[in-house]
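Report on the following structure.
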């Protein structure tokens, strides 16, 4: 999304303003990127990854600072962004829920307007997606969604980079999501639409991807095929992808969720319905014995650790692409 600077001195103070206000690109979900933008981010991520393998360095973000806002705990998101900034010659500042007043005593718009006068990019990992959108609306620098309850675009960038490396050209790939239609599933569905991946989503009734997300995917290209039959969904799949069944904030629903999602476990029995060379993905952390078995996670078909590494390279690709 891009916002024009406010040049009207009589405009309401609610309008996004700032001394350096320009058109700003925010990534609140993966479909904020066009197909060409997404390809450019992935190409840059691949370039950075190849360079790192050769021991080459880039200082593309020299002198720049990333402000990282966290309402939720994180391993991969924090480490990949912080390390990525360092490797690109920049600096990252971690701001946890005890370090900031995001929505507690200070309006989000005020935090956005002040913070964007200090840093060059903001990455926020929040609960409420509406909070992220307000942060972006009032920020004069790019805001990246590091995860909300509705979306996880940075994970999708790593997923797509991994599929391109391990499976092949997107338009030849069939990917199946199995389990809960959560935030990761929703961004992945949009990423598949942007890249032409043939996507199927298998979830129990009541646990599917939001209809509005399916509509957005359909507007981009083709909406995912939706089913409640996991075995039919994985037949012919090149990739089978799953995630935890009980996300942060859903602990009270744990017993109900485990009961409903039990038949959707990614295990050897389910994968017997898939091609022998199917690749298995998981965004981590994994709950072995729930959504996936340890045998599958650690097995030859798993590309989970390549996927985890690619969070670093995908973050770098996005940060480098967003640089002024």
Can you give the angle from 0 to 90° between the axis of helix 304-322 and the longest principal axis of the chain, with both taken from C-alpha atoms, to the nearest 10? 30 degrees
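If I take every Cα pair under 8 Å that is 6 or more residues apart in the range 155-309, average their sequence separation and divide by the length, what percent do I get for the relative contact order? Show your work: numbers first, answer last.
On the way: 281 pairs, mean separation 36.7, N = 155.
Result for the range 155-309 is 24 percent.
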Using the Cα gyration tensor of the range 31-113, with a ≥ b ≥ c the square roots of its eigenvalues, what is the shape: rounded (a/c below 1.5), prolate (a/b larger than b/c) or oblate (neither)? prolate
If I fit a long axis through the Cα atoms of helix 183-195 and take the longest principal axis of the Cα atoms of the chain, what angle between them do I get, 0 to 90°, rounded to 10? 90 degrees
Mind sorting 209, 173 by how few other Cβ atoms lie within 10 Å of their own Cβ, fewest first? 173, 209
Mind checking Rg over Rh on the chain, alpha carbons, Kirkwood formula for Rh? 0.98
If one computes the Cα centroid of the range 28-75 and of the range 232-295, what distance in Å separates the two points? 28 Å
What distance in nm separates the two pseudo spin-label positions at residue 300 and residue 235, each 7 Å out from Cα along the beta-carbon direction? 2.5 nm
What distance in nm separates the simple spin-label points at residue 211 and residue 56, each placed 7 Å from Cα in the Cβ direction? 5.0 nm
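Starting from the Cα-Cα distance between residue 37 and residue 165, subtract it from 0.36 nm times their residue separation and give me the gain in nm to one decimal. Before the final figure, lay out each step's value.
Details: separation 128, 0.36 × 128 = 46.08 nm, distance 1.86 nm.
Stretched out fully, the residue 37 to residue 165 stretch lengthens by 44.2 nm.
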For the chain, calculate the relative contact order in percent as a whole number, restricting contacts to Cα pairs under 8 Å that are 6 or more residues apart. 19 percent
Suppose R0 equals 25 Å; then what is the FRET efficiency for residue 227 and residue 309 from their Cβ-Cβ distance, rounded to the nearest 0.05? 0.20
Dividing the mean separation of Cα pairs under 8 Å (6+ apart) by the residue count of the range 83-164 yields a relative contact order in percent of 23 percent
Per DSSP helix of 4 or more residues, -39500 (n - 2.57); summed, then divided by the residues of the chain. What does that give at 222 nm, rounded to the nearest 500? -11500 deg cm²/dmol
Inter-site label distance for residue 101 and residue 272 at 7 Å from Cα along Cβ, in nm: 6.1 nm
Compute the angle between helix 76-87 and the longest alpha-carbon principal axis of the chain, please, reported from 0 to 90 degrees and rounded to the nearest 10. 50 degrees
Please work out whether the range 195-306 counts as rounded, prolate or oblate from its C-alpha gyration tensor, where a ≥ b ≥ c are the square roots of the eigenvalues and a/c under 1.5 means rounded, while otherwise a/b larger than b/c means prolate and anything else oblate? oblate
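Readers should treat all values here as calculations from the given coordinates under stated rules, not as data from a laboratory. The structure presented is a predicted model; accordingly, all values stated were derived computationally and were not measured. When we count neighbours, we look across all protein chains shown, and the Cβ atoms used for this are built from the backbone with ideal geometry, even at glycine.
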